[in-house]
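Below is one structure, written out as structure tokens, with a few remarks after it.
The values are calculated or read from the model by the stated rules, or taken from the named source; none is laboratory data. The structure presented is a predicted model; accordingly, all values stated were derived computationally and were not measured. Cβ: placed from backbone, ideal geometry, glycine included. Neighbour counts: every protein chain shown. For the accessible areas, the whole protein counts, side chains as well, though only heavy atoms, and no ligand, DNA or RNA atoms are used. Shrake-Rupley method; radii C 1.70, N 1.55, O 1.52, S 1.80 Å.
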Amino acid sequence: MSIFLKTSYCRHLSSTAMAMCSSFCPQIPNHFRGKPISLFSSRPPFSVSFKALSSRAYDDPPKADKLPANIGFLGIGIMGSPMTQNLIKAGCDVTVWNRTKSKCDPLISLGAKYKSSPEEVAASCDVTFAMLSDPESAVDVACGKHGAASGMSSGKGYVDVSTVDGATSKLISQHIKSTGALFLEAPVSGSKKPAEEGQLIFLTAGDKSLYETVGPFLDIMGKSRFYLGDVGNGAAMKLVVNMVMGSMMASFAEGLLLSEKAGLDPSVLVEVISQGAISAPMYSMKGPSMIKSLYPTAFPLKHQQKDLRLALGLAESVNQPTPIAAATNELYKVAKSYGLSDRDFSAVIEALKGKLQQ
């Protein structure tokens, strides 16, 4: 279904308007943008007002954008919940589903509709997003009994923002496209806080026309988006990114413990690192709580280990040695054996403490 936004993009926005809307629609460099096109012209249009404007005027702002009217979202967890909330706050008509219905209740109170299966969501929506925890869940929700594929048809789109391996993404793509619908993989780089703030990075691949159509929604949920070509490329890019992140965290944990053992103040280490060439937001964000042995979950440790495992599989498939990632994966497996699966991935430091105490 095609609709026109009531809100037009102005060439010059006032500074006040820019400040009010920046939390929902961060501006994307023009070379990553595509002008949205309509895929959904078979139904009569109706209008919806977006509450968020672009934080910066376009060089050539379109007079009106055509967007799908009904958005589905499958998987209301640590990431899916704030992503969906941002869509609702921006004025989108959203229908949700989750295995545990109670997780949908806060979104329903904000105006979201609820359906009892992925199939029903897909059947009632023009574009359906899915954020699932692992490849098995992603396949089941998309392709299983009463899965989204059963509700898809020509003119609809399915956007999987889960982190899975390329083979899984291609399998889901085949099932979705066999219905005549379009498919886009779009795993995200970012955890809970970026999801809440609409600052995610989308790594997309698949049907370019669907990418262009859902671009405005990706811009509500994220700060940038990359189109990487064929299905599988987005999944591969996300696994490489998370492989690096997991290894960085393990090395950082070693440094914190070594500084303490050497009689140094680990808090000072965090400050020194934050001001040097190896500074990364993750260190200053996670370091203070790691020093206190506190691990509030933003990205579950079990998901980091899953991503390392999948990255190692990717490396094996292209005959690329990854000895650091392999050693890191073993460390996260130790942390899981300590019962830390559902804690933040920074809890990997506890695996090193255990070894040091033996």
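Let me make sure I get this right: for the stretch 100-229, a, b and c are the square roots of the gyration tensor eigenvalues over alpha carbons, sorted descending. Under 1.5 in a/c it's rounded, otherwise prolate if a/b > b/c, else oblate. Which is it?
It is rounded, given that a/c, with a ≥ b ≥ c, falls under 1.5.
When the chain is fully extended, how far beyond the present Cα-Cα distance does Leu294 get from His146, taking 0.36 nm per residue of separation?
49.3 nm is the gain from fully extending Leu294 to His146.
May I ask you to rank Phe226, Phe217 by accessible area, largest first, using a 1.4 Å probe over the protein chains only?
Correct descending sequence by accessible area is Phe226, Phe217.
Find the accessible area per residue for the stretch 203-358; the probe is 1.4 Å, ligands and nucleic acids are left out, and the unit is Å².
Solvent-accessible surface per residue comes out at 46 Å².
Using a Förster distance of 35 angstrom, determine the FRET efficiency expected from the C-beta separation of Lys261 and Asn319, and round it to 0.05.
The calculated FRET efficiency here is 0.35.
Between Ser209 and Glu136, what is 0.36 nm times their sequence separation minus the Cα-Cα distance? Round to one decimal in nm.
Residue separation times 0.36 nm, minus the Cα-Cα distance, leaves 23.5 nm.
From Cα pairs below 8 angstrom and at least 6 apart in sequence, can you work out the relative contact order of the stretch 128-181, rounded to a whole percent?
Once divided by the residue count of the stretch 128-181, the mean separation gives 47 percent.
Just to verify a number: FRET efficiency for Glu271 and Lys353, C-beta to C-beta distance, R0 = 25 Å, to 0.05?
0.70
Length gain on complete extension for the stretch Ser178 to Glu254, per 0.36 nm per residue less the alpha carbon to alpha carbon distance?
22.5 nm
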